[in-house]
Each structure stands twice: as C-alpha cells, then as structure tokens.
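A.B. asks: First, the structure itself, so that you have it in front of you.
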Amino acid sequence: MTPRTTRSLHLRLWAIIAMACLPVFLMAFLDYRERRHDAIAALDNEVGRMLAAVHMTEESALRSMRQTFQIMARADNLQSLDGADCSGLAQRLMQSMEDVANVGAVLPNGAVFCSAISLRTVVTVSDRQWFRDASMGQGITTGEILVGRISHRPGMTFGYPVHDAQGQLKAILFTSIQIGWFDKLVAQFKLPVGWNAFLLSGTGAVLSHHPSEGLAPAQRLPPEVAERFLTALQNGQTVSELVGPDGNRRMYGIVSSRFSHTPLVFAVGAPLGHTVAGIDQGFWLRIALLAGIALVSVLTARYCVYDLIEAWTHKITAAIDNVASGRLETPISQYSNVREMHAVERGINHMADELQKRDMDLRRLSTAVEQSPESIIITDTQARIQYVNEAFVRNSGFTRNEVLGHNPRILNRGKTAPATYKAMWAALASGKPWRGEFTNTRKDGSTYVEMAIIAPIVDASGQVTHYVATKEDITQQKQSEELVHRLAYYDTLTGLPNRTLLQDRLKQALGASAQHGVLLLADIDRFKQINDTWGHAAGDLLLCEMARRIQDCMGAQNTVARLGSNTFAAIVQNLGADAEQAMAAAHQLAQQLHNTLAAPYELGATRKLYAANSAGVTLFSASKAPPEVLLQQAEVAMYRAKEEGGGSVLFFDDTMQASMDARVAMEMGLRDAVEHRAFQLYYQVQVDQAGSVVGAEALIRWIGADGKAISPADFIPLAEETGLILPMGQWVLDTACQQLAQWQLSPTTRHLTLAVNVSAKQFHQADFVALVHETLNRTGIDSGGLKLELTESAILGDIETTITKMHQLRDLGLRFALDDFGTGYSSLSYLKRLPFDLLKIDQSFTRDMLNDNTSSAIVRAILVMSDALGLEVVAEGVETVAQRAFLISHGCHFCQGYLLGRPVPIEAWEATHIAHPGTSTL
C-alpha cells in the first residue's frame, strides 16, 4: 500500500477555521449576486419591452403585406395579366404603404411583368429564393434580404402565389421592404444615452445601427463579434452580456426576424455601467471587512489552542510508542479534562487492554499450532518456507534450520504427478484453497503420503502475502484403502481378480476393440471330493497351482480371475475380426488350457494329484451381449459340460442360447408369479389301510400366462437356484394353514392332516422357526394337523443345528415326515437322532416293487425298519390295487397315488373326498 502524505495538525486547524469563515463569505457573495441579478433583471425588462415592440412591428408589416397581396390577387387586371394596368395598381398600392421599396408581379417562368417602379429592361427573378418558395407554397413566403434588380436598393423581399380556378400557378406577387423601417422603429424607442440597437445579417453585416456614429450601413463586423451574437441566438440566450459592435459590454436582448428567410438578428443593448459597477464596488468592500475580522479571529484561536494541542500530542505519541513496543500495561495514567481528548486517551488504554488479550490468544494459538499432530507450513509468495511446526519436523525428518528459506519441493523426489502441482498453483493463483495429496520423501529416503490443504493468506487490501499448508500423514490410511480395494476386487488365496473386477474388465474389453474375443470359464470336477479326501490345505494348493497354470497359458496381457470356490475365468482379446478365424483360435486356446489343467499336480514330495476340469467358452465382440449375459453363457456351457460327465470343453451355441432364453423367460415369469401370487395349491389324498381319508399333501402348481400348467420339475429347481423358493414356500405354508384352519372348524374334517413340503433353503433360514410360529398364531390352527415334509438334502450339513431346529418346531406341535426316503444316502445314524414321525417311500420303489426284487426288498426293509423305530410310513406313487395290497400286507400305514386320487384344486378335492368319502375306500 502506498503511504499517504502526512499533514500537520496546525494546518488542519487552519482549515477548520477557514471552513468556519466560509459561510460568512458565501452569504456576502450570495447577497452580491442577488443585488446584481435584480439590477440586470431591470435592464432585461426594458430590453424585453423593446424587443416586443420589434415583434409587434413585424406582425403589423406582415398584415399590411397580406392585405396588399390579397387586393392585387383579386384585381381584374391581374387576372388578365395586363402588365400596364397591373403596374398602375402596384404604384397606387406602394404609395399607400411606408418603407416599401417596390410592389409587382412575376409570371410562373420568373419574368417580371408588373412593377410599381418602371421596368427599363426585362427582369427575371427565377433564381431568387423567395420566388422558388412562392412557386412551391400557398401563402406569403419568408423574406429574403437582397439588393433589388429594379429598385437597386437593399431590402427584404416577400412572395405570394396566385392560382387560377383549377389550382394552376398563374402569377407570383412580390413586395420589397426597405431596411429603413428598422431605423424608424428604433427612433420611436428614444434610446437612453449609452444604449444601442442594430440589425445584423447572417453573414455578419450590420444592416442598420443606432446611434449611427462610428458604423456605416452594410459594414461587416469582425467574425468573433458577429459570432457571439449568432451563437447566443442559436443557444436560445435571448438576453446576454456581450461586447457590442462598438467594443463596449452591454446587456443585449437578441431576437431573430420571424419573416426573414436568411438569419436576421435584432439586438438592443443596455449599458451595465452605473448600476452594476456600484454593486460590484460595495461587494469588494464587504469582502475586505470580513477578511480582516476572520484574520483576527484566527490568530486569537490559534494562540489559545496551540499549547493545549502541542502538549497533548506529545503525551499521546509517547503512549502509542509504549503500546507499539509491547508495554501493554495502562500507558496513560493521567487523563485530560477536555472531553474529546479524554475519550481518545481512554480509547488508547482500551486498545492496549484488547491487544493484551489478543496477545494471549495468539500465544495459545501458537502453542496449538506448534503442538498440532498435523504438519503446518507457512511460506511467502515465492514459496520460501518461513515457518514449520514440530509435527513437520517429526514427519519429514528435517530440522527447522534445514528447511527455513527453502522451497517445499525438497520433499518432492518426483513421486507426485506434475499435474497435481499444476492444479495446486492454478487454485492458489485464483485465490482459492487447494486440497490434494502429495507423495513426499523423508530425509531418510522413505516415502509417505500426505493429504494437504493449502490456502492463501491475504491482507486487508486482499493481496496475498503468504501461503499456509496443513498436511496430514495418510500413509496408513492409503495402505488400508489399498487393502480394502484388494479385498473388494481380488481373491485373497490366489491374488487373481474376483468376479466384480472380471465384470469390469469384460466391460472394458467389449468397448476397447472391434475384434472378437473369448470368455472362458474352467471348473475343477468333484472338487468337494478332493477336499474331503486330501484335506482343505491340499485343495488350496491345487487352486493356487491351477491359477498359475491358467495365467501362464493365457499370458500377462489377458485377464485371469477366480469367480468362486473352484471356478476360474479368462478373458482373451484380439482373436481377429473374422468370426470363424476367432472361433478356431478360441478352440485351440481352450483345448490348450484344458490339456494344461489336466496334467498331474505335485502337492508335495510324494503326492501327485490328477484333477479333471470342465470348461465353458463363449465368443464375444463389441456389438454382442453385455458382460453379465456373456458370463451367464459361459456358465451355461461349463455346467452343460459337467452334466455330460465332466472333463471336457463346450462352446456356447444356439441350442444353449435357446435353453438359456427359456430359463430367463421362466425366471421372469416365476418372479412375476411370486409378486402377484399366481400359484395354486393342489391337494392329493392320503388314505389309511382301511381306505379312510386321513388327509392330503399340498402341492404347488403354476399356471402360466398362456393358460398351460408348468411342471414343478421345471420351476421348483429354478426357484431354489434364484432364491424365489423362500417367498413361494412361505405362500404355500400360509395357504395350507388357512385351509387347515377351515377344516378344523367342521367336526367332519377336523381330523384331517395336511402335509407341506419344505425346501432345504427355506428350512435353513435363520428365522424359519419364528416364521412358522407367526403363521400358526395368525391362522389359529391346531398345529398337530400340520406335517412338514423334509428331504435328505434339507437335513444334511450341520446336523446339530438341524436337530435343534426340528425340536423347536416339535415344541410348537408340528410333525415331521422324511420325504423320498431311500433315494439318497439314507444314513441310519442321523435317522435315529432326528425327531421324524413318518417316512415316505419314494414312488420309484413303489412303481417297481412288484416286478423288481431289489425294489421289493428295499420297500420291505423300510417297512420293517420303520416299525422297529416306531415310525409311520406313507407310500407314494400307488397306482394299482396290487401295489396297495402288497404295501398293506407288509404293514404300510398310509398310501398316496393316482389309484386313490390325483392332485386337484381344493374344491374338487373336497367334492370327491368329503362329500363322498366312500370313493376313496378300496
């Protein structure tokens, strides 16, 4: 900031006194102006009166000319254009008018044929302005100042057109007025001594002047004199103080002629001499008297105030010096008795107190900055370090002396991108704070990452004086983020990308090239058996070795990922633009990978493992399916290979596409059905040995949008795979309980039981017991009438948890049936421990037991074992009388099958088995 020039207090005091005297002088000046204005106004009124007389004279002359023209226009001799008669009339009219130089008439071609002054030659006036104006107009034209070609005298000529009955121009009348009319007008004014009046043309020629001494008619004025009057008239200044033609200043009234075509100025001037000069002289005498009084007052005031101001100024200066030097104890102990000075002294003491408090605040702030765990750096505008705190010394390893005066770039060893510094300086140059990361190097060479906030420090004028940087060491945070990122996108065992990162890489591959690529999925066959036989440690070694082989086979430029437990994926790009060529290359690559993975694995010094693998491959290009669809295609091909026995490679084809499309369509329809509860419960009757109806099994059915029934064998596995089995199972349980509640309201149906199938996924829900309990409470049924049918897959796994959950459900009053017994492992050890009430013989055994000794033996064994364990048995798939008879003879308690009744809706079931119960007795 540029320092301001200081001024003395004495000078300011003089200025204050001068300002106090100024109103007095101003009043004197205003009084002088008013007096002078009144005097000039009086002169102005007199001049205005004369100018008004000029205008009245002009109006009178115009009326006289108009009458003359009208008389001539109506005269017969003008109608006949008789020059002699017309000239006689003109002579008579001119004699009756004063100051008229000539009167006459002109033909339309400009030739004068009538004149009050005898024509000696042919005179043409077609070049005159008044003639042209009259030819184009309808009334009297404005006057034109000129020397007449007939009278040979200066004057002002006017024209007047005369038209015949058809409106055609017949003649133009003219009248020329002598300049002498102005002299007579001025003579009537009887101008006082010192006054003058003159008539001025637009060219600066004085046409008439009164008094006439010193100026001849038609004399031209100097250009600057004439210009003053013409300029005043143009600016609308009808009254002005001007220097006249005789060189004297007067108050002039200025008007222009109303009937002159060319500029014609009338000016009447009144002298300013006696009245205004007296007023001026009185004004200056008053000014001199006031100046003397003001001078005496100023000297007196200066003498009285001088000592007071001088001593107080020295005291205040000393007090301010104490404050500036840091001596903030009360700097002024004795106050002045002048109120204003006393206020200043108290203000200084108050300022010292506030500065003392602020100094304490700054000390606390300085301590906080110095002890801050974050590094703080202050630099000047040239980025030279001026301050660092203890945290900076501790984090960087440099001492203060080693960095003060240096640029912070001493921490930069090229590990921070140049774009970061460019963005930083761009923000700081615009006056904004910047936030970003630096990768810096300590004095010992170790690298660390800092999150920095750098902001400019500005002074009161807005200029940047320093920069302050607050930096936090986020090295551990970055390492944690990197670990989180790796855990989110990479497999912890093999270090390969996981499914999430693979999908991102696949999306990039689809958009990166127009050439074909291939997505390959490989899975170890019977990996669970390997884990169970060799142990999980061997399984992990196998997975790591498999990952290494796939990477070696695919190359570093391609992506290899682990999708799941023992499933790997590879993306190979740029196999060519031609589809057939790309397919051939993909076949060769897939077979090469398959052979590589089929080679034996060394899992130790003496252990060698052979692991078969199945692979699914799909070809892709930029215009093909999205990443999730490609993954689904490769999975379909891989699982098809496993279904066909494993150990092979299959490429996704149109048949698989059709199968996948059908599966997708079924899944969409299934989801819609779950949302809108578009299912039905069918009921298949169960009867005892006597043929009496004891209950039914509730079976879910789905009728598609086309009205056709969809087989449970098709949609149940899909529901289990997609998780839709959970809402479906809950709906079945709710609907069955509602139906059971209806039966239990009637004495005739109260004894009926209802069996409901529960899937493994549904049974293993953490809140399954609570959901069943809530359903029982909501429907209010007697839970003894509800049987839950479980398959072996539902109870395998965590056997202890299964036992606990089954006992919790048994405590609610439910009964359990083991469905499809004999089709799985059918371990007797868990059968002995699990609280089942019934066993259900699978229909495959029932169907073949009369024709196949093995099936017959199995059925008899199940019946004997159940009897020994105290379990009831339900045989499924009973379709003949012989089958039922065989089962009853060997102790089977209940039968279910087409022989007894097909699964039907509840209305048909009740109509058959309740209204006519005898129909179920065989």
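The values are calculated or read from the model by the stated rules, or taken from the named source; none is laboratory data. No experiment lies behind these values; they were computed from the predicted model shown. Don't worry about glycine lacking a Cβ; one is built from the backbone with ideal geometry, like all the others, and counts go over all protein chains shown. To get the accessible areas, we keep the full protein, side chains included, count just its heavy atoms, and leave off ligands, DNA and RNA. Shrake-Rupley method; radii C 1.70, N 1.55, O 1.52, S 1.80 Å.
A.B. asks: Checking understanding here: applying a Kyte-Doolittle mean of at least 0.0 and a length along the axis of at least 20 Å (C-alpha), which whole DSSP H helices in the chain pass?
C.D. replies: Correct list, ordered by number: 9-74, 273-324, 536-554, 725-744, 853-869.
A.B. asks: Using Cα-Cα distances under 8 Å and only pairs 6 or more residues apart, what relative contact order does the range 665-915 have, in percent?
C.D. replies: 20 percent
A.B. asks: Which is the longest stretch in the chain that no exposed loop site breaks, taking sites as GluC sites (Glu not before Pro) with a DSSP loop state and at most 13 other Cβ atoms within 10 Å?
C.D. replies: 330-643
A.B. asks: Might you report the magnitude of the Cβ-based charge dipole of the chain about its Cα centre, with Lys and Arg at +1 and Asp and Glu at -1, to the nearest 20 debye?
C.D. replies: 4060 debye
A.B. asks: Ignoring ligands, DNA and RNA, what percent of the accessible area of the range 374-479 is carbon or sulfur (1.4 Å)?
C.D. replies: Roughly 52 percent, rounded to a whole number.
A.B. asks: Next question, about the same structure. In Å², what does the accessible area per residue of the chain work out to with a 1.4 Å probe?
C.D. replies: Computed with neighbouring chains in place, this is 53 Å² per residue.
A.B. asks: Remind me, relative contact order of the chain in percent, using alpha carbon pairs under 8 angstrom and six or more residues apart?
C.D. replies: 5 percent
A.B. asks: Let me ask something additional. Calculate what fraction, in whole %, of the accessible area of the range 495-652 sits on carbon and sulfur atoms when a 1.4 Å probe is rolled over the protein chains.
C.D. replies: Result for the range 495-652: 49 percent of the exposed heavy-atom area is carbon or sulfur.
A.B. asks: Under a 5 Å amide H to amide H cut-off, with H placed in plane at 1.01 Å, what residues pair with residue 114 once short-range neighbours are removed?
C.D. replies: Correct list: 105.
A.B. asks: Could you give the length gained on full extension between residue 383 and residue 911, defined as 0.36 nm per residue of separation minus the Cα-Cα distance, in nm?
C.D. replies: 180.5 nm
A.B. asks: How much mean residue ellipticity at 222 nm does the chain get from its helices, if each DSSP H run of length 4 or more adds -39500 (n - 2.57) and you divide by all residues, to the nearest 500 deg cm²/dmol?
C.D. replies: It lands at -16000 deg cm²/dmol.
A.B. asks: Using Cα-Cα distances under 8 Å and only pairs 6 or more residues apart, what relative contact order does the range 75-175 have, in percent?
C.D. replies: 24 percent
A.B. asks: Summarise the accessible area of the range 665-915 (1.4 Å probe, protein heavy atoms) by the percent that is carbon and sulfur.
C.D. replies: Of all accessible area on the range 665-915, carbon and sulfur atoms account for 53 percent.
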